[in-house]
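Notes follow the structure.
What follows is calculated from the coordinates using simple rules that are stated; it is not laboratory data. Please read these numbers as outputs of a predicted model, since none were measured by experiment. Ideal geometry is used to build each Cβ from the backbone, glycine not excepted, and the neighbour counts take in all protein chains shown.
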Amino acid sequence: MIDWMYTKDYQGPHPTAVTDQAGPCDCLESTYDPWGNSVRTKSKQNYVGFGTAAVGSTSSVNGAQLLHHARVYVLGDFYGLKHIRELAMTKFRDGCTQGCSASKFPEVAHEVYSTTSEEDRGLRDIVVGTILKHRKMIDRPEMQSVIQQTALAFDLVMEAHNTGSHL
């Protein structure tokens with residue numbers, strides 16, 4: 001928070017290598033981690049490719065960084081710091097646009113839905129939009145668990161209904 005007070009920005013945790021290989025997601029044409037964490041020579045199954053971040057790109061983020069942005073958002077809300085809350089939401093949206101390890105996104109979604117109120121649509125709408133854009137995530141048992149445990153199911157159904165899309 002102190003950094004933000006002086007610089008109007010904050011830094012998240014540094015990207016770390018993704019080692020979780022669980023579960024398929026056929027959303028990515030490349031064989032690299034879109035976060036730029038490590039090159040994969042196997043199939044394209046482990047990642048939800050939301051963008052085209054280059055390997056080693058400094059603009060890439062990982063699940064830990066998305067969690068950090070979500071937590072900064074909640075702190076900004078708690079302390080009434082509108083600007084840091086908006087900055088965290090922007091960084092969270094940018095991170096979701098760039099891509100996320102399919103094995104980490106359920107944890108991010110759970111964090112958002114367990115730390116924000118139902119009325120606070122900021123991060124929740126970004127999570128819903130990301131899942132609807134990359135529906136293969138719903139096939140993952142970890143994501144199904146989050147959907148069952150939180151209000152995410154209702155939000156997904158309502159957004160699909162409002163936009164005329166199918167789940």
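Across region 79-91, rounded Karplus estimates of 3J(HN,Hα) from the backbone phi angles (6.51 cos²θ - 1.76 cosθ + 1.60, θ = phi - 60°) give 8, x, 9, 4, 5, 6, 5, 5, 5, 5, 5, 4, 5 Hz, Gly and Pro being marked x. Subtracting the Cα-Cα distance of residue 162 and residue 90 from their residue separation scaled by 0.36 nm leaves 23.6 nm. Region 141-167 and region 122-138 have Cα centres spaced 8 Å apart.
In terms of surrounding Cβ atoms within a 10 Å radius of their Cβ, 79, 113, 10, 73 rank from fewest to most as 79, 10, 113, 73.
A cut-off of 5 Å between modelled amide H atoms, ignoring neighbours fewer than 5 places along the same chain, links residue 104 with no other residue.
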